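Every number in this text was worked out from the coordinates using simple rules, so none of it is lab data. No experiment lies behind these values; they were computed from the predicted model shown. When we count neighbours, we look across all protein chains shown, and the Cβ atoms used for this are built from the backbone with ideal geometry, even at glycine.
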Amino acid sequence: MAIITDEDAGGGRVCPYQMAFMLDNWMRRLFQNPVKLLADYIREGNTVVDLGCGPGFFTIDMAEMVGSTGQVIAVDLQPGMLDRVRKKAFRKRVADRIAIHRCHPDRIGLECTADFMLAFYMVHETPNPRSFFEEAKSMLKAAGKLLVVEPKMHVSQASFDTMVEDAVRVGLKPVDYPTGMGGRGVLLAHG
């Protein structure tokens, strides 16, 4: 196994790309089917941002959901993860509707306006969740939504509540606490 540098893995806080098989496999699909989890949030023609996309577990399905008139922006810190998304997008014939963006350890660094943003199992890996939410809010359209799901095994209820408080402090408001996501979830919108 290769050594992950600070530049590639945000100081070792993120799941290394060598473990991508754990994030994208048929067994996970049985419990976390992307289409079932996201069908209420994504429409054809939407601009969608997959924050911390990893190997593209959600990205590819979202690209199919937005259709030929929509776009998905796959954002990750690690080039190895983004390479996997790119290859998978070509294999699944949705590469024309997926843009790849490498973020920085401390900021997303993306200028866009999104109808929907997904942060699945990744906010706890950011160095400053409040700054993350502030930047994410600036990218959301007025009616846009941000879905945050955090793993119970890594994020306690108290830590999740603090995370939601950080989002509220920057002007986002919880509009739903969806269940059945495989973790603690909150749907956020402009406050």
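Taking each of K137/K173; K87/K137; K36/K145; K87/K145 in turn, the alpha-carbon distance tops 19 angstrom for K87/K137; K87/K145.
Couplings for segment 75-84, taken from phi via the Karplus curve 6.51 cos²θ - 1.76 cosθ + 1.60 with θ = phi - 60°, read 10, 8, 7, 9, x, x, 5, 5, 4, 5 Hz in order; Gly and Pro are left as x. Each peptide in 43-56, 150-163 was scored by the mean count of other Cβ atoms within 10 Å over its residues; highest first, the order is 43-56, 150-163.
When E111, E165, E125 are sorted by how many other C-beta atoms sit within 10 angstrom of their C-beta, beginning with the fewest, the order is E111, E165, E125. Each residue of segment 85-90 is assigned a 3J(HN,Hα), and the resulting list reads 4, 4, 5, 5, 4, 5 Hz, derived from the Karplus form 6.51 cos²θ - 1.76 cosθ + 1.60 (θ = phi - 60°), x at Gly and Pro. What the phi angles of segment 176-184 give under the Karplus curve with 6.51, -1.76 and 1.60, with θ = phi - 60°, is a coupling list of 6, 10, x, 10, x, 8, x, x, 7 Hz, glycine and proline written as x.
Length available on full extension from A143 to D106: 0.36 nm per residue minus the Cα-Cα distance, which gives 10.7 nm. Considering only segment 41-190, what is the antiparallel percent among its DSSP beta bridges, to the nearest 5? Of those bridges, close to 35 percent are antiparallel. Annotation: lysines with alpha-carbon distance below 17 angstrom to K92 (same-chain offsets under eight excluded): none found.
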